[in-house]
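Worksheet: one structure, shown below.
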Amino acid sequence: MAVDLPLINGTWQALQPSLREAKCIGCECLQGALVELRMAAEEIPHGPEQGQVLAAVKQAMDVEEHHGCLGCEPCAPSDILVAFYREQQAREVAAACACGEG
């Protein structure tokens, strides 16, 4: 598994400033990052910490009004999601190499 609780928690913590920004909370950029975190959290082994982060992410996704990307430069949620994907991909490559598949 290329994603684990520390990676999810680190990404969740990195998104916190955006969750406090009114312009970001309903933005598809932040909401998309939250969807990815939710799906990743649902795939890791269940436990108290996993349940806490999953519940927090789901709560953050529960907003009344959504809107499209505002074109902010830089877009923190998008940058954070890219970093999440890159780390996930690096872990998958490392795991494949460790197994002799790469």
In the stretch 11-30, what count of residues is obtained for those that are farther than 15 Å from S78 by Cα and assigned to a helix (DSSP H, G or I)? 1
Where residues in the stretch 64-77 are in contact with a Cys (Cβ under 7 Å, 6 or more places away or on another chain) and not in a loop (DSSP other than H, G, I, E, B), which of them is nearest to R20 (Cα to Cα)? P77
Checking the structure you have, find out if any residue of the stretch 45-60 is surrounded by 16 or more Cβ atoms within 10 Å (Cβ to Cβ), of a type outside the set (D, E, K, R) and in contact with a Ser or Thr (Cβ under 7 Å, 6 or more places away or on another chain). no
Cβ pairs under 8 Å, 6+ apart or interchain, first in the stretch 39-63 and part of a helix (DSSP H, G or I), second at pLDDT below 95 and loosely packed, with under 14 Cβ neighbours inside 10 Å, ordered by first then second residue, are E43/M1
Please verify whether the stretch 5-25 includes one or more residues that are acidic (D, E), at negative phi and surrounded by 14 or more Cβ atoms within 10 Å (Cβ to Cβ). no
Q88 vs (1) in a helix (DSSP H, G or I); (2) at pLDDT below 95; (3) surrounded by fewer than 16 Cβ atoms within 10 Å (Cβ to Cβ): all pass except (3)
Quick one: count up the residues across the stretch 1-38 that are in contact with a helix residue (DSSP H, G or I) (Cβ under 7 Å, 6 or more places away or on another chain) and free of Cβ contacts under 8 Å to residues at least 24 places away in the same chain. 1
Within the stretch 64-92, take every residue that is over 20 Å from L37 (Cα atoms) and without any contact (Cβ under 8 Å) to a residue 12 or more places away in the chain and give me the one that is nearest to the chain's Cα centre (by Cα). P74
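The values are calculated or read from the model by the stated rules, or taken from the named source; none is laboratory data. Since this is a predicted model, take the numbers as computed values, not measurements. Cβ sites come from the backbone with ideal geometry, for glycine too, and all protein chains shown count toward neighbours.
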